[in-house]
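This report concerns only the one structure given below.
The values are calculated or read from the model by the stated rules, or taken from the named source; none is laboratory data. A quick note: this is a predicted structure, and the numbers were derived from the prediction, not measured. FYI the Cβ positions are ideal-geometry reconstructions off the backbone, even for glycines, and counts take in every protein chain you see. Keep in mind that these areas ignore ligands, DNA and RNA; they rest on the heavy atoms of the full protein, side chains included. Shrake-Rupley method; radii C 1.70, N 1.55, O 1.52, S 1.80 Å.
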Amino acid sequence: MGDLILSGGGSSKQNLKVYEFLVETIEKNKPILYIPLAGDAKYRPHHMSLDYIKSILEHLGVKEVTMWTDLNHRTLDELKCFSAIYFSGGSTLTLLKTIKNSDFDNVLRQYYDWGGTIFGQSAGAIIFGSDVTHTTKEKGISGYNPLNLIHSNRLWCHYDHTDEELLCEYSKGEDNAFIALSDGGAIHVTESYRQVISKEAYKFKDGKKKICNLCITLMIINTKMGGMLIINISISGLPE
């Protein structure tokens, strides 16, 4: 199974630690695939978004960033060429509909099951939760179920203290808890665990809030075979 690195949003400065974590855990010599389709191309053309992301990641040592704006007829073999897939923010529902209508969600799951790394920011992160109805007032979206790769939790991005009352209310009587991330906050999720990698993560369940505010520290060692061994030095998991 693969890795999810999910950011609550914010500026490049706020997310610097998150970007560093991403780059340290992938093969920098392989290109990153950038998918900007949550964004409004009329407000910010996709090529400008690509230039922005490239300026961040190439500064950290990534050799190449490739952009896709057409997800139709894509294959797992194509995705295997990339060290990671990067989904940026914008409209959660727009992105989810695009992924579903092109059947890219099935290929994306194959990539994740194969062991691929996926980075999502804001709307690009929310689609990996168990529900997105809290992001829209639009009705009849049951056919656009998200990918549900965060242990059946929902994701709330751009969190600040003014959202606490609303999240406590939303989480009452619900089986699936909310994980709330502020700008610059991020988590690392695999099939077996969830860990905080930047700032705080909050969990809302049954009308109550829990906090987890310690970060992971990682040491990465190159092995003689050219692979990487990742040793957890200081870990803080999300509360159950």
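List of remarks:
- Residue within region 12-27 that is farther than 19 Å from residue 196 by Cβ and either open to solvent by less than 20 Å² (accessible area, probe 1.4 Å) or among the aromatic types (Phe, Trp, Tyr) (or both) present: yes
- Search result, residues across region 57-77 that are touching a Ser or Thr at 6+ places or on another chain (Cβ under 9 Å) and crowded, with 20+ Cβ neighbours inside 10 Å: 62
- Test for residue 179: is it at pLDDT 90 or above and in a loop (DSSP other than H, G, I, E, B): no
- Residue among 76, 93, 147, 60 that is farther than 23 Å from residue 185 by Cα and among the aliphatic types (A, V, I, L, M): 76
- Residue ID - surrounded by the most Cβ atoms within 10 Å (Cβ to Cβ), chosen from residues in region 121-137 that are assigned to a helix (DSSP H, G or I), in contact with a strand residue (DSSP E or B) (Cβ under 8 Å, 6 or more places away or on another chain) and of a type outside the set (Gly, Ala, Ser): 126
- Residue in region 78-98 that is under 19 Å from the mean Cα position of the chain (by Cα), open to solvent by 40 Å² or more (accessible area, probe 1.4 Å), among the polar types (S, T, N, Q) and under 20 Å from residue 112 (Cα atoms) present: yes
- Just so you know, in region 155-173 the residues that are part of a loop (DSSP other than H, G, I, E, B) and open to solvent by 80 Å² or more (accessible area, probe 1.4 Å) include one that is farthest from residue 194 (Cα to Cα), and it is 172.
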